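Since the structure comes first, as structure tokens, the remarks are kept for the end.
The values are calculated or read from the model by the stated rules, or taken from the named source; none is laboratory data. Everything numeric in this text was worked out from a predicted model, so none of it was measured. Here Cβ is always computed from backbone atoms with ideal geometry, including for glycine, and neighbour counts include all displayed protein chains.
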Amino acid sequence: MPKRIVGLIALLVLVLLLAGLVARYHPVAIDYLRQLENRRLLAADWRKLIPERRDALLNDPAAPTAGNPNGDVPLVVFLDYNCPHCRTADLIIQQALKDDPKLKVVYKETPVLGPDSKFAAMAALASRKQGKYEPFHHALMAAPGPLSEFSILTIARHMGLDVEQLKRDMKDPAIEDALARNRALATELHITGTPALVLGDEVIAGVPESPTLERLIAKEREKAKR
């Protein structure tokens, strides 16, 4: 058989194979490209929306804070106490606070996983009146399993909180108002789940590893100096 015909047959086979691959993976490729475009659009939206809502993100007096109150880089954390990934994120954020004396963390209680999550958020915010938010927050995050009203109040008691006073303080309408503001802010920023971190003009969905978070904080610090 002439070499030219053999070459044409080989080319035809290759074309058919490529056509088969395209037909097989075309929906996957299209979905991937669509996701990339959605992320690009979201990033553009965040660059506009976050500066407009900077005051609500950083200066709500109902939002607990940790770290350096005058820190040069603020990290805003949207969280749910029954979210396993939030518990992982809390350990990473605690390490970041230990390693970075200029970091400020702002906590946005955003219960999305049902009534027990809301009860935990309300209890955590109410614990501020007894000056125990931060240790209580970390104790809730360190719970070995799903939280319930009973386990939340048990943890509160072990942390030295006056539980009866805590339950009275949880009825303060200001706590419901704070949670409502957090939900509205999350919605405005297209945050649909927890954990979500706001750093600079970006939203980080999920749990970044410690080196990644450290690098992003350093990048934001350099950007702020310009």
Check whether at least one residue in the stretch 81-90 is crowded, with 22+ Cβ neighbours inside 10 Å and either free of Cβ contacts under 8 Å to residues at least 12 places away in the same chain or touching a Cys at 6+ places or on another chain (Cβ under 9 Å) (or both), and report yes or no.
yes
The correct count of residues that are crowded, with 16+ Cβ neighbours inside 10 Å and assigned to a helix (DSSP H, G or I) in the stretch 139-165 is 8
Note on the stretch 96-141: residues more than 25 Å from Thr187 (Cβ to Cβ), small (Gly, Ala, Ser) and touching a helix residue (DSSP H, G or I) at 6+ places or on another chain (Cβ under 9 Å) are Ala96, Ser127, Ala139
**Prompt:** Quick one: would you say Val73 is among the hydrophobic types (A, V, I, L, M, F, W, C) and within 17 Å of Leu185 (Cβ to Cβ)?
**Reply:** no
When (1) modelled with pLDDT of 95 or more; (2) touching a helix residue (DSSP H, G or I) at 6+ places or on another chain (Cβ under 9 Å); (3) of a type outside the set (Phe, Trp, Tyr) are applied to Gly200, the one that fails is (1)
In the set Gly200, Gly206, Gly193, the lone residue that is exposed (fewer than 14 other Cβ atoms within 10 Å of the Cβ) and out of contact with any strand residue (DSSP E or B) (no Cβ under 6 Å at 6 or more places or on another chain) is Gly206
Gly145 meets each of (1) modelled with pLDDT of 95 or more; (2) over 21 Å from Asn182 (Cα atoms) with one exception, condition (1)
Q. So is Leu179 in contact with a Phe, Trp or Tyr (Cβ under 7 Å, 6 or more places away or on another chain) and either aromatic (Phe, Trp, Tyr) or in contact (Cβ under 8 Å) with a residue 60 or more places away in the chain (or both) or not?
A. no
Filtering the stretch 91-113 for residues that are in contact with a Gly (Cβ under 7 Å, 6 or more places away or on another chain), crowded, with 19+ Cβ neighbours inside 10 Å and touching a residue at least 60 places away in the same chain (Cβ under 8 Å) leaves a count of 1
